[in-house]
Amino acid sequence: MYDIIKSLHSYWAYLVLLVLIIATVNAIIKTVGDKEYEANDFRKSLFALIVSHIQLLIGLVLYFVSPRFDLWSELGGGVMGNSLARLYLVEHPFINIIAVALITIGYSKHKKKLTSKGKLKTIAIFYTIALLLFLSRIPWSTWIG
């Protein structure tokens, strides 16, 4: 079961990054170009919200079924002294939960804006920060290798 969830979490991450990049770049380009907010922009930002929430749920399940979770009982506070354990057990989950929260906040705030510029700018800011947070905590050595 662990291997299936780990593979799903890893492959779904590609979809999350692709959709989030599309939604973010779209919002930035339209903000800078002073373009109008359209239904397609709404769909892109909504899809980014949905796939990131699904990834969060998969990640939470993976966190608790992972053999690495046992390191909490084995190492206790020593998890923070082990850089690999800290990445998988603390940094990756914590930062990515914050990133998903930022996507959720940005999506919610953009719906309350009345102008196209305000809607697109809100998506651009929140989704860009979330994207940077995601990219900062991906375990690149195991994900790509």
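The values are calculated or read from the model by the stated rules, or taken from the named source; none is laboratory data. Predicted model only: the values in this text are computed from it and were never measured. For neighbour counting, all protein chains shown are included, and Cβ atoms are generated from backbone atoms with ideal geometry for every residue, glycine included.
What to note about this one:
- Tally, over the range 37-65, of residues that are more than 18 Å from Ile103 (Cβ to Cβ) and crowded, with 17+ Cβ neighbours inside 10 Å: 1
- Filter result for Asp41 (assigned to a helix (DSSP H, G or I), without any contact (Cβ under 8 Å) to a residue 24 or more places away in the chain and out of contact with any Cys (no Cβ under 9 Å at 6 or more places or on another chain)): no
- Whether a residue is of a type in the set (Ser, Thr, Tyr), at pLDDT 95 or above and either assigned to a helix (DSSP H, G or I) or at negative phi (or both) was assessed, and Ser73 does not pass this test.
- When residues of the range 1-20 are limited to those that are of a type in the set (A, V, I, L, M) and touching a Phe, Trp or Tyr at 6+ places or on another chain (Cβ under 9 Å), the one farthest from Phe126 (Cα to Cα): Ala13
- Residue, surrounded by the fewest Cβ atoms within 10 Å (Cβ to Cβ), within the range 66-84, restricted to residues that are free of Cβ contacts under 8 Å to residues at least 40 places away in the same chain and among the polar types (S, T, N, Q): Ser73
- Those residues of the range 8-28 which are of a type in the set (S, T, N, Q) and either touching a residue at least 40 places away in the same chain (Cβ under 8 Å) or under 15 Å from Pro139 (Cβ atoms) (or both), in sequence order: Ser10, Thr24
- In the range 102-134, the qualifying residues are those that are over 12 Å from Ile28 (Cβ atoms) and of a type in the set (Gly, Ala, Ser), and the one that is modelled with the lowest pLDDT is Ser116.
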